[in-house]
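Here the structure comes first, spelled out in structure tokens, and everything after it is commentary.
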Amino acid sequence: MKKIGILGGTFNPIHTGHLILAENARTFYGLDEVWLIPSGCSYMKDASQILPGSVRLRMAALAAQDNPFFKVSDMEVVRPGSSYTYETLDALKKQLPDSELYFIVGADTLFHMESWKHPERIFKSCVTVAAVRDEKGASDLIAQAKYLSGKYNADIRFLPASHIGISATQIRERLKKGESVRYLVPESVRLFLEENGYYTES
């Protein structure tokens, strides 16, 4: 079976931290590919603060173009209505019947996934890979993983991850102020953002 990593997110904008996370998961778990899936309409976020899906999809494609193991999917962007993770994973299971899916999340996400729509379908569809940044709170995290494993028969695995102090919020703020975002995002994404004036005051 092929092992396919799935990294979803608003990607508003996609940045170097996302790519490092995807590459770490790929090498640590021997994944054949990692699919980057920009969210469509997120029911958990204020849509007015988010660039259109087509723009975020373009940035993801630019970010992924130098890595032959990365693929970008428009499945959430083109799907009408709110984006739900369980729908995405269900669709991927049908699309990739001979593959094992590895859903890559930040460790803190384990504490929120139960509040997502149909968590039981999410855990049934994939291996959940939680990126752990440091030892702080590790006992709480292990306890939460055990709880979810027991309740949902979830396959939860950890990924040692360096702390990358980059956030999309920080990048948007820097662009608003006219500050450089060089090295915070791939160079192709930086040029795209600056050429189009995205996230600037004007």
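Which number do you get for Rg(Cα) / (2.2 N^0.38 Å) in the range 85-143? Don't skip to the end; give the middle numbers.
On the way: Rg = 12.7 Å, N = 59, 2.2 N^0.38 = 10.4 Å.
So the Cα radius of gyration is 1.23 times the expected 2.2 N^0.38 Å.
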**For F70, distant residues with modelled amide H under 5 Å away** = V34
**Item:** Gyration tensor (alpha-carbon) shape descriptor, the range 74-202, a/c threshold 1.5
**Value:** oblate
**Asked** Taking amide H positions as placed 1.01 Å from N in the peptide plane, with prolines and chain starts having none, which residues 5 or more places from E100, or on another chain, fall under 5 Å of its amide H?
**Response** K2, K3, I4
**Fill in**
Straight-line reach check, K177, cutoff 18 Å on alpha carbons, 8 or more apart in-chain or any other chain, hits among lysines -> none
**Message:** Compute the helix-to-body angle for 187-196: its Cα long axis versus the longest principal axis of the chain, expressed 0 to 90° and rounded to tens.
**Reply:** 50 degrees
**Prompt:** Ignoring any ligand, DNA or RNA, what whole percent of the accessible area of the range 73-173 comes from carbon and sulfur when the probe is 1.4 angstrom?
**Reply:** 50 percent
**Prompt:** How large is ³J(HN,Hα) for each residue in the range 114-122, as worked out from phi by the Karplus curve 6.51 cos²θ - 1.76 cosθ + 1.60 (θ = phi - 60°), to whole Hz, x for Gly and Pro?
**Reply:** 5, 7, 6, 5, 6, x, 5, 6, 4
**Complete:** Spelling it out for L159: with amide H atoms placed in the peptide plane at 1.01 Å from N, the residues 5 or more places away or on another chain with amide H under 5 Å from its amide H are A130, A131, V132
**Item:** Residue-wise HN-Hα coupling along the range 82-94, computed from phi with Karplus coefficients 6.51, -1.76, 1.60 (Hz; x: Gly, Pro)
**Value:** 5, 8, 10, 4, 4, 5, 4, 5, 4, 5, 5, 4, 6
**Asked** Between H163 and D140, what length in nm is gained on full extension when 0.36 nm per residue of separation is reduced by their alpha carbon distance?
**Response** 6.4 nm
**Request:** Please say if the range 1-42 is rounded, prolate or oblate, where rounded means a/c under 1.5 for a ≥ b ≥ c the square roots of the C-alpha gyration tensor eigenvalues, and otherwise the choice is prolate for a/b larger than b/c and oblate otherwise?
**Result:** oblate
**Under 27 Å from K93, Cα to Cα: lysines that are on another chain or at least 8 residues apart** = K2, K3, K45, K71, K117, K124, K146, K151
**Asked** For the range 100-108, in order, what is each residue's ³J(HN,Hα) by Karplus, 6.51 cos²θ - 1.76 cosθ + 1.60 with θ = phi - 60°, in whole Hz (x at glycine and Pro)?
**Response** 9, 8, 10, 8, 9, 9, x, 4, 4
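The values are calculated or read from the model by the stated rules, or taken from the named source; none is laboratory data. The model shown is predicted, which means the values in this text are computed figures rather than measured ones. The protein model used for the area step is the full one, side chains on, heavy atoms only, and it has no ligands, DNA or RNA in it. Shrake-Rupley method; radii C 1.70, N 1.55, O 1.52, S 1.80 Å.
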